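Chemist: Starting off with a structure, shown below.
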Amino acid sequence: MGFLLRIFSKNGLFVFFIFLQITSIVLIFNKNSMQQSWISGQIAAFNSWVSGSIDEGASYFKLKQINEQLVAQNKDLMVQLYGKNKSKNPQFRKVHDTIGGGQIYTFVDGEIVFNSINRKDNYFTINRGKRDGVRPKMGVMAPGGIAGIVINTTDSYSLVQSILSLNKIKINAALKKSGYFGTLTWRGDDSRTMHLSDVPKYVSLQIGDTIVTDGKSAIFPQGIMVGKISGYEVDSKTGFWDISVELNEKMGNLSKIYVVKNLKKAEVNKIQDTLQATINKEK
């Protein structure tokens, strides 16, 4: 109390001035409706800004939570589908393909450590090799579709010929709706598009029709997603459809992959070699 009295005695005029200013402001706003309205407007605007900021923050955290839940669900689905968990040691899992005549396939998961898409012949490297059961001529899939074929292996890594390779890879593929099949190749001009040839022009086509593997090779199982028809025209040289296929898998964004092993590959190759020998004799 004594301290306050000493301040007032030394600065009496200043304190009295402040008192008058506060009294004037109170009287003005008590008697002036315009000033009251202005103050109310400012307070309302401030409250609205604070409320909006809180809502935006809540929405952000809610969306983040939803995204994390979707990522977790996707991971669970992949584990269920392929029987794999990234933290576990890789191992092949058997899958019985009753549609394709009882063929048995196994899969092992892995990841891309190097990838290219802007060359005439493209390659990518995966972190799975001989010790994981990977061998040359095995197919490689990604979650969205086919990706390539193994051409070389070391103990821990494998080199894969990308499906984006000019004249080095031909994939047996078919129209999912009708079952008509042809040969899928890349022409080197667009990393998002391959071309399906050898399909007769009397076959009905529509933009958006699905293209899948036809299972007629020893590399990929039947029904693996390839992409959708983005355009088509009759090839003037062959008289067959030239079908543009937009790939379902974005090859420039590969990360997770699955190596495919056909346990009956030797039998399939033996039959194919016999057929080829017969064709050569007839020439």
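Here, each number is a calculation from the coordinates, and none is a lab measurement. Worth saying up front: this structure is predicted, and the values here are computed from it rather than measured. With ideal geometry, Cβ positions are generated from the backbone for all residues, glycine too; neighbour counts draw on all protein chains shown.
Chemist: Relative contact order of segment 105-172: what whole-number percent is it, with Cα pairs under 8 angstrom and at least 6 residues apart?
Modeler: 30
Chemist: How much length is gained on full extension from S255 to I151, taking 0.36 nm per residue of separation minus their Cα-Cα distance?
Modeler: The span from S255 to I151 would gain 35.6 nm if fully extended.
Chemist: Using packing as a proxy for protection, rank 222-229, 137-144 so that the peptide with the highest average count of other Cβ atoms within 10 Å comes first.
Modeler: Final packing ranking: 137-144, 222-229.
Chemist: Got a sec? How would I211, I257 order by Cβ neighbour count within 10 Å, fewest to most?
Modeler: Sorted ascending by nearby Cβ count, the order is I257, I211.
Chemist: Using the Karplus curve 6.51 cos²θ - 1.76 cosθ + 1.60 with θ = phi - 60°, what ³J(HN,Hα) values do you get for each residue of segment 117-133, in whole Hz, with x for Gly and Pro?
Modeler: 9, 10, 10, 5, 10, 9, 9, 9, 10, 10, 8, 9, x, 4, 5, 9, x
Chemist: Listed highest first by mean packing, meaning other Cβ atoms within 10 Å per residue, what order do 118-126, 243-251 come in?
Modeler: Ranking, from highest mean packing down: 243-251, 118-126.
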